[in-house]
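Note sheet for the following structure.
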Amino acid sequence: MYALRNKYAIAGIGWTDFSKKSGRTVRSLASQACINAIADAGLKVSDIDGFVSFNFNDSVPAISVATEIGVPAARYANDFLSGGNAANMIVLTAAAVIEAGLAETVLCYRAMNGRSGFRLGGGRDLSAYNITQFTAPFGWITYPQAMAMWCRRHMIEYGTNAEQLGEIAVTFRKNAEKNERAMQRDPISMADYMNSRMIVEPFRMLDICLETDGACAVLVTSAERARDMKRKPVYISGGAYGGGPDQGEDLFDALRWPDHSHNYAKYIADDLWRSAGMGPKDIDIAQIYDCFTYSIIMQLEGLGFCKEGEGGPFVQGGRIAPGGELPLNTAGGLLSEGYIHGLNHVIEAVQQLRGEAGVRQVPDIETCLTTAGAMTCGSAMVLRN
Amino acid sequence: MTYAKPLPVVDVETRPFWDACREGKLKIQRCANCGHKRFPPTFYCPKCNSPEHEWIESSGHGRVFSWIVVRHPVPREVYAADVPYVVALIELDEGVRIASNIVGIEPEKVTANMPVRVIFKPVTPEITLPIFEPA
């Protein structure tokens, strides 16, 4: 199991503007986020010797960023062919790479023109090859259509309803109101949620995350070195990556997944908590992967914050709002802050744990859970200050 | 008029399935070694790793495991005339799941565990899609 508890830390974070139309290349966005993370840590470009990223839709290879910002010797560069499931895994990988002696100071980034360039939510290549020959010909093509199928199953089994999904959307939007990075800051009410356009039943427009142009970067190094850097280190207490049996042939495929009311989270929960030496009760706040409202419910159940089937009631009554028992997605989440494929959740976790989150700071916190992924595989971390 | 919707790119593992559809049969694989029934097609059996298999005909009957109603067409130019349409995960009587459309019923009237049966819809000379209607 994870032998690196609190041995590695996040020492720098960087991001770009989140927008619908960056007017810039993805490479320059990635470079800007990386330059900002290096400056945040008080380091120089020449201190960087490793990169980890993921590139399920558009991105740029790590070596191109290393080239643009002038890293003299990138000793490690890895681009995972992965989606949101990897947004925490790349950070865990950075720690493992450093532990292995392959690099010392590693930048993890995700960059995309997710709205003006390749729209992940807008459809896929319509040629139905490999596993998609059994899905796309029936008009089952987009991610909202994929996850709506999962959500319906939870409704069938447990009676989960629109008010519960709506409470997630409304709560996160309220958080985004206090976040100058967020793309959507206009208040919404439950009535606004209910009246938002039905896209693919049971999902309305406000169940679905944003599409974003932008980039985020996270700088990982040893805890020992991080303590000598500019910022207060945020320690990686534990983490896990994986899923269950029958994870499918790509990130859409769940034809063989046994239980669409539960996703990867229930399969990594034991590893996650054991690695951190903690449990759900030890978590002060969480940034949970919310490509859709419903994915929150599966992860809360899977990671043991509530019992299976009780995720719907759990999110009601202010429990997940600031001041509640478990404040979630304090920056607004992928639903309202923006969709940098989940790496923006790590940025927010670090800001909160440093006490730098300004008007949206949750007071007196020591731990923050981050998660990444919504379907058959994913990753999660416990971070602490 | 050309068929604008996604068409299966048939490959060496899936050709028997699509050939059978064209003949009005819904077929799934059964492992010749351990008997495990599986869909979608794979080369190896996930239970025993045997590459030996046979194609057996499904009864074509099953139940709705989950479903969605697509109201916003993506891409618009391809699906605008079809919305709302139903995509369902159907659990066949043989125990495997298949994704397909449910036709012949108002989308609002689809229910969980509803019995359905396969019908075949030729869309090109090569491709016939297995779709479902209430049984």
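What the table shows:
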| quantity | calculated |
| --- | --- |
| Evaluation of A:THR132 against (1) within 14 Å of another protein chain (Cβ to nearest Cβ); (2) of a type outside the set (A, V, I, L, M, F, W, C); (3) assigned to a helix (DSSP H, G or I); (4) in contact with a helix residue (DSSP H, G or I) (Cβ under 9 Å, 6 or more places away or on another chain) (one fails), failing number | (4) |
| Members of region A:323-353 that are over 17 Å from A:GLU177 (Cβ atoms), touching a residue at least 12 places away in the same chain (Cβ under 8 Å) and either open to solvent by 10 Å² or more (accessible area, probe 1.4 Å) or not in a loop (DSSP other than H, G, I, E, B) (or both) | A:TYR339, A:LEU343, A:HIS345, A:VAL346, A:ILE347, A:ALA349, A:VAL350, A:LEU353 |
| Filter result (in a strand (DSSP E or B) and either touching a Pro at 6+ places or on another chain (Cβ under 6 Å) or modelled with pLDDT under 95 (or both)) within region A:206-241 | A:ILE208 |
| Selected residue (criterion: least open to solvent (accessible area, probe 1.4 Å)) from residues of region B:79-102 that are touching a residue at least 40 places away in the same chain (Cβ under 8 Å) and either in a loop (DSSP other than H, G, I, E, B) or touching a Lys or Arg at 6+ places or on another chain (Cβ under 6 Å) (or both) | B:VAL96 |
| Residue list for region A:343-385, restricted to those being charged (D, E, K, R) and closer than 22 Å to A:ALA265 by Cα | A:GLU348, A:ARG384 |
| Any chance B:ASP11 is in a helix (DSSP H, G or I) and surrounded by fewer than 16 Cβ atoms within 10 Å (Cβ to Cβ) | no |
| Residues of region A:255-291 that turn out to be open to solvent by 10 Å² or more (accessible area, probe 1.4 Å) and within 14 Å of another protein chain (Cβ to nearest Cβ), as a count | 3 |
| Residues located in region A:135-175, provided they are more than 9 Å from every other protein chain (Cβ to nearest Cβ), β-branched (Val, Ile, Thr) and crowded, with 24+ Cβ neighbours inside 10 Å | A:THR160, A:ILE168, A:THR171 |
| Conditions (1) of a type in the set (Phe, Trp, Tyr); (2) surrounded by 13 or more Cβ atoms within 10 Å (Cβ to Cβ); (3) not in a helix (DSSP H, G or I): number failed by B:TRP18 | (3) |
| Some residue of region A:355-368 being at pLDDT 95 or above, crowded, with 24+ Cβ neighbours inside 10 Å and within 16 Å of A:VAL218 (Cα to Cα) | yes |
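Every residue, every condition in (1) within 7 Å of chain A (Cβ to nearest Cβ); (2) within 30 Å of B:CYS45 (Cβ to Cβ); (3) among the polar types (S, T, N, Q), yes or no:
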{"site": "B:HIS61", "(1), (2), (3)": "no, yes, no"}
{"site": "B:PRO73", "(1), (2), (3)": "no, no, no"}
{"site": "B:TYR79", "(1), (2), (3)": "yes, no, no"}
{"site": "B:VAL83", "(1), (2), (3)": "no, no, no"}
{"site": "B:VAL103", "(1), (2), (3)": "no, no, no"}
{"site": "B:PRO107", "(1), (2), (3)": "no, no, no"}
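The values are calculated or read from the model by the stated rules, or taken from the named source; none is laboratory data. Owing to the predicted nature of the structure, the values given are computational and were not obtained by experimental measurement. Quick reminder, even Gly has a Cβ in these numbers, built from the backbone with ideal geometry, and neighbours come from all protein chains shown. With ligands, DNA and RNA removed, areas are computed over all heavy atoms of the protein, side chains included. Shrake-Rupley method; radii C 1.70, N 1.55, O 1.52, S 1.80 Å.
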